[in-house]
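Shown next, in structure tokens, is the structure this report addresses.
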Amino acid sequence: MAQYKRLGGIMAITLATATGLTACGFGGSSGEESGGGTTLDLLVPSYSDATQGLWNDVIAGFEEENPDIDVNLQVESWDNLESVIATKIQGGDAPDIYNGGPFAGFAEDELLYPAEEVVSEDTLADFQPTFLENAQVGDTVYGLPFIASARALFVNDALLEEAGADVPTTWDELLESAKKVSELGGGVAGYGMPLGSEEAQAEAAVWLWGGGGSFGDADAITVDAPENLPGAEFIKTMIDEGATQADAGATDRSPLMDIFVQGKIGMQVGLPPTVGQIESDNPDLEYSVHPIPTEDGSPFTLGVADHLMAFQNDGDKQEAITAFLDYFYSPEVYVPWVQAEGFLPTTLSGSEELADEEALAPFLEVLPDAQFYPTTNPDWQATDSAFKALFGQLDSDKSAEDVLADIQAQVDAG
């Protein structure tokens with residue numbers, strides 16, 4: 001994907017640019033009880049040009065099965081979404097159901113229903129356990145995992161074959177194979193290492209966590225920790241030994257992935273929409289998708305998910321909210337929505353439905369091993385910003401230990 005904007009949660013992972021498609025207020029009726037039935041207000045972001053139409057189809061099917069419930073849809077751009085939800089909450093007009101990224105603040109303010117109160121036991125049990133754990137505040141699930149993103153290693157098979165290199169599963173193997181590919185010359189790089197500001201926090205997670213580190217949890221951010229040092233030092237080794245493209249510290253992910261698609265990079269970590277980008281821009285590229293190499297070869301992926309959440313507005317709407325959410329997460333409704341927008345499903349049944357999709361198989365395989373940013377920590381936004389500003393300094397004379405310490409200091413300073 002060429003566009004990937006984020007406001008705390010995942011943004012579009014499709015090839016289409018998010019368009020800011022909006023509806024002025026909640027569509028349909030005024031949001032009051034209609035004909036003796038119940039009206040639900042649904043506020044969602046636009047992931048692509050197709051988003052509004054996809055939701056309209058879901059709503060039409062739901063209302064046909066539930067004629068006593070109307071759903072009013074409001075679609076906002078991601079640029080506007082946070083200000084819109086804040087204004088609605090301040091005005092006492094929160095939506096009944098909301099699709100967004102961050103949810104911990106709403107839960108701490110006691111604005112949300114616990115998930116177990118607005119979906120059936122079967123629906124709740126169908127979510128990937130790792131994604132459900134990431135949707136908790138304390139011991140309570142408040143955010144229903146909506147759509148998922150996972151990372152995997154895209155490999156230019158032709159370049160690796162030409163270089164006599166193997167597909168790596170460990171860091172040592174990656175370094176060896178990437179150096180062989182770089183030695184081909186002609187502007188070819190072994191591994192695409194994007195440490196620029198676009199998504200430095202994601203590339204950091206790939207290597208720091210792949211070596212047993214973490215960014216912390218809901219209680220504490222721990223960037224400057226001994227377990228993160230192996231991953232940071234491995235990045236410096238890759239750069240210093242010529243296994244990456246030049247100027248890795250200032251290279252952003254999207255333009256670098258364009259170069260991979262053009263056939264000039266041996267390996268790079270990518271997302272499911274990268275498959276569609278290759279099909280569109282260079283269908284003759286000989287490539288394959290594999291799990292991300294880790295220090296010891298153990299399975300790992302960086303997972304990100306947006307969430308659906310239900311606001312406790314009118315108590316008499318709880319049953320209608322449950323009916324809508326159970327309907328939406330049924331495989332026959334949910335999976336087509338996910339496929340149309342280019343995401344991965346967060347449900348076990350969704351993964352089963354897509355098991356035969358060859359292009360998605362490597363991503364679905366690693367979903368159970370997904371690890372997540374500590375987004376429920378109030379310091380996460382500062383952490384995200386610090387990585388984007390400072391992590392690229394690994395491509396300099398500065399030590400890995402000093403780079404991590406500087407990031408931690410910026411986080412601690414707020």
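Each reported figure results from applying straightforward, stated rules to the coordinates on display, with no laboratory input. Being a predicted model, the structure only gives us computed values, none of them experimental. Virtual Cβ from ideal backbone geometry, glycine too; neighbours counted across all protein chains shown.
About the Cα centre of the chain, what is the dipole size in debye to 20, counting +1 per Lys and Arg Cβ and -1 per Asp and Glu Cβ, all else neutral?
1160
Between Asp281 and Glu121, what is the FRET efficiency for a Förster distance of 30 Å, r being their Cβ-Cβ separation, to the nearest 0.05?
Numbers: r = 45 Å, r/R0 = 1.49.
Approximately 0.10, to the nearest 0.05.
Around Asn72, which amide H atoms from residues at least 5 apart in sequence, or from another chain, sit under 5 Å from its own amide H, with H modelled in the peptide plane?
Leu40, Asp41, Leu42
How long are the semi-axes of the ellipsoid equivalent to the stretch 128-260, from square roots of 5 times the Cα gyration tensor eigenvalues, in whole Å, largest first? Before the final figure, lay out each step's value.
On the way: eigenvalues 197, 56, 39 Å².
Taking √(5λ) for each Cα gyration eigenvalue gives 31, 17, 14 Å.
Compactness ratio of the stretch 322-414: Cα Rg over 2.2 N^0.38 Å, N = residue count?
So the Cα radius of gyration is 1.59 times the expected 2.2 N^0.38 Å.
Would you kindly calculate the translational diffusion coefficient of the stretch 253-320, applying Stokes-Einstein with the Kirkwood radius from alpha carbon pairs, for 4 °C and a viscosity of 1.567 mPa s, and quote it in µm² s⁻¹ without decimals?
The calculation lands on 83 µm²/s.
In 5 Å bins starting at zero, report the fraction of Cα pairs in the stretch 303-342 per bin as a rounded %.
5, 19, 22, 23, 15, 11, 4, 0
Please tell me which of these pairs span more than 20 angstrom C-alpha to C-alpha: Lys264/Lys398; Lys236/Lys388; Lys180/Lys236; Lys264/Lys388; Lys179/Lys264?
The answer is Lys264/Lys398; Lys264/Lys388.
Of all GluC sites (Glu not before Pro) in the stretch 351-414, which ones are in loop regions per DSSP and have a Cβ with at most 16 other Cβ atoms within 10 Å?
Glu357, Glu358
Could you tally the net charge around Val275, taking each other residue with its Cβ under 12 Å from the Cβ of Val275, Lys/Arg +1 and Asp/Glu -1?
Spelling it out: positives minus negatives among the neighbours equals -4.
Let me test this: with uniform point scatterers at the alpha carbons of the stretch 200-301, what is the Debye-based log₁₀ I(q)/I(0) at q = 0.18, 0.25 1/Å?
-0.97, -1.42
Based on DSSP H runs of at least 4 residues, each adding -39500 (n - 2.57), what is the mean residue ellipticity at 222 nm of the chain after dividing by all its residues, to the nearest 500 deg cm²/dmol?
One gets -11000 deg cm²/dmol as the mean residue ellipticity at 222 nm.
Over what distance in Å are the Cα centres of the stretch 102-160 and the stretch 318-343 separated?
14
Would you please put 322-328, 138-144 in order of how densely packed they are, using the mean number of other Cβ atoms within 10 angstrom per residue and starting with the highest? Display every interim value, and only then the final one.
Values: 322-328: 20.3, 138-144: 18.7.
Going by the mean number of other Cβ atoms within 10 Å, highest first, we get 322-328, 138-144.
Can you give me the C-alpha center-to-center distance between the stretch 395-414 and the stretch 344-381, rounded to a whole angstrom?
Between the Cα centres of the stretch 395-414 and the stretch 344-381 lies a distance of 30 Å.
Taking N as the number of residues in the stretch 34-74, what is its alpha-carbon radius of gyration divided by 2.2 N^0.38 Å?
1.22
If we restrict to alpha carbons, what Rg and Dmax does the stretch 173-244 come to, in Å?
13.8, 48
Roughly how compact is the stretch 84-195, stated as its Cα Rg over 2.2 N^0.38 Å to two decimals?
1.73
Return, ordered by residue number, the residues of the stretch 270-292 whose backbone nitrogen is under 19 Å from a label point located 7 Å along Cα→Cβ of Gln339.
Taking a point 7 Å out along Cα→Cβ of Gln339, the residues of the stretch 270-292 whose backbone N falls under 19 Å are 272-277, 279-280.
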